[in-house]
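Below is one structure, written out as structure tokens; the observations come after it.
The values are calculated or read from the model by the stated rules, or taken from the named source; none is laboratory data. This one's a predicted model, so the numbers in the text were calculated from it and none came from an experiment. All Cβ positions, even for glycine, are placed from backbone atoms using ideal geometry, and neighbour counts span all protein chains on display.
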């Protein structure tokens, strides 16, 4: 893939302005971003700094960030897509057939036995959106056991609720089906073939200082979180989970997006199936693992109906327009030094709109 030309700052001047305004308003201290369009990387750059400190390190195009929930697509959903292609994964298989503890002691027709992999991927399993499992679990085994016992909050398939516990269990199920860990499977089948050299779980201690910190944790770990996963449940799970844990720079998600757009690794049929709205329940914007634009959308106003993307809590996002053959990645640490700021909600759509206008799609 050819790299961006030096004119990107001129062509995407409005997008730079949006990000620089976001920094001045403390939506985030810095950002790295990339644009794939017209068959090449048209922009790849960084603005701002690691923190708001005047002496802080500058963000560059190669700065690695905590991807947070973008892990759900680049990691977990990719594994599901490939297992589906290999005939290993059946979307309507009940979770309890793979993880029997999920419905231990339950009658054959019980709600828990109705939860399928498709429902987990469409965030319609009935599991809660979030649970602070880390507060009572001291290790991976305890946290998984607690996750498997979580009560359903709605009937399976009846309601869309974005669920971290659902993706924790999905990740576990995929590992059982593959007979292999998420980290090694994704490394061998996705990251290495696509030359995604910066993408990994659990960066080494020698890499941590080159990664912007996500937060000053005053309550759980009681330290600055830098180069280790911010999500506490993922941390207790050892830094590798179905819902979070990946780190990457801005280029690698574009290499991944190119594979989606050009059907490298994934067939056209697989891409169509997983990026189309699952209609679980009807009118949900959720596809299988992916989200789709629904107004108002973090992707802005100009991504087509045939687009798929995902956000990450730390301030990351990847949006891919399959119809217009465009992908935009934005990486920030908007949770620094604390999680309260929601200013990125204004920045994201404005940034995407500015890029799409510069591409002539606005």
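Rundown of residues vs (1) surrounded by fewer than 24 Cβ atoms within 10 Å (Cβ to Cβ); (2) modelled with pLDDT under 95; (3) not in a loop (DSSP other than H, G, I, E, B), yes/no style:
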{"residue": "219", "(1), (2), (3)": "yes, no, no"}
{"residue": "224", "(1), (2), (3)": "yes, no, yes"}
{"residue": "227", "(1), (2), (3)": "yes, no, no"}
{"residue": "234", "(1), (2), (3)": "no, no, yes"}
{"residue": "242", "(1), (2), (3)": "no, no, no"}
{"residue": "253", "(1), (2), (3)": "no, no, yes"}
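Okay, residues lined up against (1) under 25 Å from residue 203 (Cβ atoms); (2) surrounded by fewer than 22 Cβ atoms within 10 Å (Cβ to Cβ):
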residue	(1), (2)
12	no, no
30	yes, no
75	yes, no
93	no, yes
105	no, yes
111	no, yes
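Look at residue 296 and say whether it is surrounded by fewer than 22 Cβ atoms within 10 Å (Cβ to Cβ), within 30 Å of residue 38 (Cβ to Cβ) and modelled with pLDDT under 95. Answer is yes for this residue. Contact map, the stretch 116-129: first residue on the phi > 0 side of the Ramachandran plot, second residue modelled with pLDDT of 95 or more and in a strand (DSSP E or B), Cβ cut-off under 7 Å, separation 6 or more or different chains; pairs are 123/286. Scanning the stretch 20-29 finds no residues that are out of contact with any helix residue (DSSP H, G or I) (no Cβ under 7 Å at 6 or more places or on another chain), within 30 Å of residue 192 (Cβ to Cβ) and modelled with pLDDT of 95 or more. Could you list, in sequence order, all residues of the stretch 311-337 that are closer than 22 Å to residue 244 by Cα, surrounded by fewer than 24 Cβ atoms within 10 Å (Cβ to Cβ) and touching a helix residue (DSSP H, G or I) at 6+ places or on another chain (Cβ under 6 Å)? 313, the sole residue that qualifies.
Taking the residues in the stretch 5-50 that are part of a loop (DSSP other than H, G, I, E, B) and in contact with a strand residue (DSSP E or B) (Cβ under 8 Å, 6 or more places away or on another chain) as candidates, determine which candidate is farthest from residue 352 (Cα to Cα).
Ranking the candidates gives 50 first.
The requirement of being farther than 16 Å from residue 322 by Cβ and not in a loop (DSSP other than H, G, I, E, B) is satisfied by residue 188. In summary, residue 145 fulfils each of the numbered conditions (1) in the same structural domain as residue 80 (by TED's automatic domain parsing); (2) part of a helix (DSSP H, G or I); (3) in contact (Cβ under 8 Å) with a residue 60 or more places away in the chain with the single exception of condition (3). Among the residues of the stretch 168-217, those identified as in contact with a strand residue (DSSP E or B) (Cβ under 7 Å, 6 or more places away or on another chain), more than 19 Å from residue 253 (Cα to Cα) and in contact (Cβ under 8 Å) with a residue 60 or more places away in the chain are 213, 214, 215, 216. Against the definition (at pLDDT 95 or above and outside the structural domain of residue 225 (by TED's automatic domain parsing)), how does residue 130 come out, yes or no? Here the answer is yes, as residue 130 does meet what is asked.
Every residue, every condition in (1) in contact with a helix residue (DSSP H, G or I) (Cβ under 6 Å, 6 or more places away or on another chain); (2) in the same structural domain as residue 349 (by TED's automatic domain parsing); (3) under 30 Å from residue 260 (Cα atoms), yes or no:
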residue: 34; (1), (2), (3): yes, yes, yes
residue: 43; (1), (2), (3): yes, yes, yes
residue: 60; (1), (2), (3): no, yes, yes
residue: 66; (1), (2), (3): no, yes, yes
residue: 86; (1), (2), (3): no, no, yes
residue: 89; (1), (2), (3): yes, no, yes
residue: 102; (1), (2), (3): yes, no, no
residue: 108; (1), (2), (3): no, no, no
residue: 113; (1), (2), (3): yes, no, no
